[in-house]
Amino acid sequence: MQALVKVAPGRGNVEVREIQDPTPGPGEVILDVSFTGICGTDLHIYLDEYRCVPPVVLGHELSGRVAALGAGVDAIAIGDRVTTETYFSVCGRCIQCLGGRQNLCPARRSIGTHVNGGFARYVRVPAHRLHRVPDGLSLESAAMTEPLSCCVHALYDLAHIRPGDWVLVSGPGPIGLLCLQTAMAAGARTIICGAGGDAQRLDIARRIGADHAIDVTREPLAEMVQDLTGGDGPPIVVEAAGAAPSLRQCLHVVQRGGTVVQIGLYGRPVEADVNLIPMKELRYLGSFAHVPSAWERSLALMARGAIKTAPLITGIAPITAWENQFHSLLEKEGCKVLLTPVS
Ligand SMILES: [Zn+2]
Ligand SMILES: [Zn+2]
């Protein structure tokens with residue numbers, strides 16, 4: 001089968017290659033991949049800003065149908081529509097695994113970074129990581145369960161967002177737009193902001209119902225946010241841009257005593273005025289990936305229409321067209337692009 005492979009460490013070194021079809025071991029299944037989303041992580045790996053273990057097939061945001069069962073798999077059937085959690089293996093014994101935080105297991109191996117992922121016709125995954133796609137939810141949307149579960153974990157598990165809260169999301173990429181909707185689904189009042197080049201993504205934010213969508217290069221964000229929130233600033237600010245100016249802005253506009261949730265990754269050390277954390281008595285929360293419980297909640301939110309993914313999907317292309325799609329996304333053209341396998 002053809003697969004999009006990070007072939008060696010370093011910048012670039014990504015190509016479509018012919019590799020062997022996988023076969024399932026005990027407790028594993030083979031999925032016939034329907035759609036796999038291009039994630040910021042894939043772009044970071046392409047730019048050599050995120051660790052992976054090459055040669056490895058990239059892609060971890062996927063949906064598909066069960067194509068083959070390994071020994072001992074009986075809870076799922078061939079043909080079932082599924083999405084898969086990305087953790088291929090965790091140690092199961094460390095304090096993080098025992099505490100339900102498998103995302104922090106130091107021995108975690110994930111598809112698309114440590115073991116072969118979803119930019120291919122077939123992918124091999126553990127059966128216990130699968131989630132059935134609810135009837136009526138498309139496989140395109142199901143491919144976005146992984147990024148959505150990151151946002152559900154950040155905003156519901158960690159930030160404990162409440163109805164009526166003002167939430168500012170900085171960065172209208174796919175994660176920012178899913179955080180926006182996660183906040184909306186919890187009854188929050190929402191502001192999302194972006195910088196130059198984000199016009200298309202801010203338009204998507206308006207279409208999916210953001211209360212306010214602000215281009216910080218044209219409008220004075222700090223004043224506008226102060227006005228909207230009665231002078232206090234938003235109690236919860238989500239840094240989803242993965243850009244240093246965005247982080248500095250988040251620390252500046254967040255309410256005194258408020259919470260900054262950092263879900264963006266920068267790929268390198270960045271500079272910001274951390275004096276503001278003690279001076280404003282901020283809670284500074286990092287959120288990384290997801291925990292298993294976030295998956296079923298994410299699927300339920302999409303299935304009932306509380307979170308819409310279709311407006312975010314700006315392109316669907318075969319994996320052989322990966323290079324154009326990666327470069328467009330690096331230029332912030334489009335929002336979420338799904339790649340499809342080629343035979
Ligand atoms: Zn992802
Ligand atoms: Zn562990």
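The numbers here are math on the coordinates, done by the rules we state, and not lab data. Note that this is a predicted model, so its numbers are computed, not measured. Virtual Cβ from ideal backbone geometry, glycine too; neighbours counted across all protein chains shown.
Restricting to lysine pairs 8 or more places apart or on different chains, what number in the chain have Cα atoms under 23 Å apart? Please list the in-between numbers first.
Numbers: K6/K332; K6/K336; K308/K332; K308/K336.
Lysine pair count for the chain: 4.
For the chain, the longest principal axis of the C-alpha atoms and the axis of helix 244-253 are separated by about 50°.
For the chain, a crude dipole built from +1 on the beta carbon of Lys and Arg and -1 on the beta carbon of Asp and Glu, taken about the Cα centre, is about 560 debye to the nearest 20.
Evaluating 6.51 cos²θ - 1.76 cosθ + 1.60 at θ = phi - 60° for every residue in the stretch 207-224, the Karplus couplings come out as 5, 8, x, 4, 5, 9, 10, 10, 8, 5, 7, 10, 10, x, 4, 4, 5, 5 Hz, glycine and proline recorded as x.
Distances between placed amide hydrogens fall under 5 Å for L285 paired with V260, V261, Q262, all partners being 5 or more residues away or on another chain.
Sequentially through the stretch 28-43, phi angles give Karplus couplings (6.51, -1.76, 1.60; θ = phi - 60°) of 10, 10, 9, 9, 8, 5, 9, 9, 9, x, 7, 9, x, 4, 4, 5 Hz, Gly and Pro residues having no value and appearing as x. Rg/Rh for the stretch 168-231 stands at 0.94; both radii use Cα atoms, and Rh follows the Kirkwood definition.
Answer rounded, prolate or oblate for the stretch 65-163, using the Cα gyration tensor with square roots of eigenvalues a ≥ b ≥ c: rounded when a/c is under 1.5, else prolate when a/b is larger than b/c, else oblate. Oblate, since a/c reaches 1.5 and b/c is not below a/b. Amide H contacts of V133: R81, V82, T83, each under 5 Å away and 5 or more positions distant or on a separate chain (H built 1.01 Å from N in the peptide plane; Pro and chain starts excluded).
Shape call for the stretch 150-286 from the C-alpha gyration tensor, a ≥ b ≥ c root eigenvalues: rounded (a/c under 1.5), prolate (a/b greater than b/c) or oblate? Mind showing how you got there, number by number?
Details: a/c = 1.21, a/b = 1.12, b/c = 1.08.
Rounded.
For the chain, what class follows from the C-alpha gyration tensor (a ≥ b ≥ c being the square roots of its eigenvalues): rounded when a/c is under 1.5, otherwise prolate if a/b is larger than b/c, else oblate? Prolate shape, in that a/c is at least 1.5 and a/b is the bigger ratio. Each residue in C335, C39 was given a count of other beta-carbon atoms within 10 angstrom of its own, and listing them fewest first yields C335, C39. Dipole check for the stretch 175-329: with +1 at the C-beta of Lys and Arg, -1 at the C-beta of Asp and Glu, and the Cα centre as origin, the magnitude is about 380 Debye.
In order along the stretch 125-134, the Karplus-derived 3J(HN,Hα) couplings, from 6.51 cos²θ - 1.76 cosθ + 1.60 at θ = phi - 60°, round to 9, x, 4, 6, 8, 7, 10, 5, 7, x Hz, and Gly and Pro are given as x.
Projecting the Cα positions of T229, L158, A210 onto the charge dipole of the stretch 150-286 (unit charges on Cβ atoms of Lys, Arg, Asp and Glu, taken about the Cα centre) puts L158 furthest along the positive direction. List the residues, sorted by chain then number, that are 5 or more residues from S138 or on another chain and whose placed amide H is less than 5 Å from its amide H. Under 5 Å from the amide H of S138 lies no amide H from a residue far enough along the sequence or on another chain.
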